[in-house]
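None of the figures in this text is laboratory data; all of them are computed from the coordinates on show. Being a predicted model, the structure only gives us computed values, none of them experimental. No Cβ is skipped: glycine too gets one built from the backbone with ideal geometry, and neighbour counts run over all protein chains shown.
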Amino acid sequence: LEIGAGTGLVSWKLTFVYCLIFHSTGNLKQTVVPTWFPSVISSFGKEIYHYAGQDIVIYESIDSFGAVMWPAALALCSFLENHREKVNLQGKKVLELGAGTGLVTIVASLLGASVTATDLPEVLSNLRANVMRNTRGRCRQMPQVAALSWSYNLESTHPSSAHQYDYVLAADVVYHHDFLDELLATMKHFCKPGTAVIWANKVRLESDLTFTENFKKAFHTSLLYEDEDMKIFQGTCRVRDRKEK
């Protein structure tokens, strides 16, 4: 059971407590009393952004990487809004990996795309709330929200024949975690002939540079945008990958 309180979200856990009760007869009786205790408290902050002619209200959770706004997401949103001649999302099918707070999905939807936002199960509640709050009544097609764990074995759960996207979007998905190889494998899985992977990233660690090199090896790559440590790449299938498929 989750109960909202102020700007925080309190998760309550039902616990059974053994108690001794005095009766009027003077006897003691042992009983069990169900009691609710707070188990997790998540602090939320609210930010308001303006893209595609709309105010977008985003709630962030400071105790989760996936529920905090990162700079590459803002850069990607600005790029998508201001460079529609390069990336036209109108009527396109879009998949976002590591959607986090949902801002990129929301902006892509407002720009006319049919979007599926994906992330780990533990961040989907906040992601779904942000997406629904900011797209209901504003978009021709409501975005979908789904759980997706980066993996080498996606064919069984997400068969390539059933998932064809025009664009795969990812912003600030490269940070200090142990699943960079799985992330690249996931990008490759969803990248078909006719698909463009657009990845926005702010370089912070050596892992960013390593992943960038691996990304360039995996895809035919072009640099769409660069501002100091912020870069936005576009990757498409290499010729040999198309022949294999």
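Taking the stretch 65-244 as the region of interest, the number of lysine pairs whose Cα atoms are within less than 13 Å, with members eight or more places apart or on different chains, is 5.
Cβ crowding within 10 Å, taken as a proxy for footprinting-reagent exposure, orders Leu74, Leu110 from fewest neighbours to most as Leu74, Leu110.
The tail of the calculated P(r) for the stretch 65-244 beyond 19 Å holds 54 percent of all Cα-Cα pairs.
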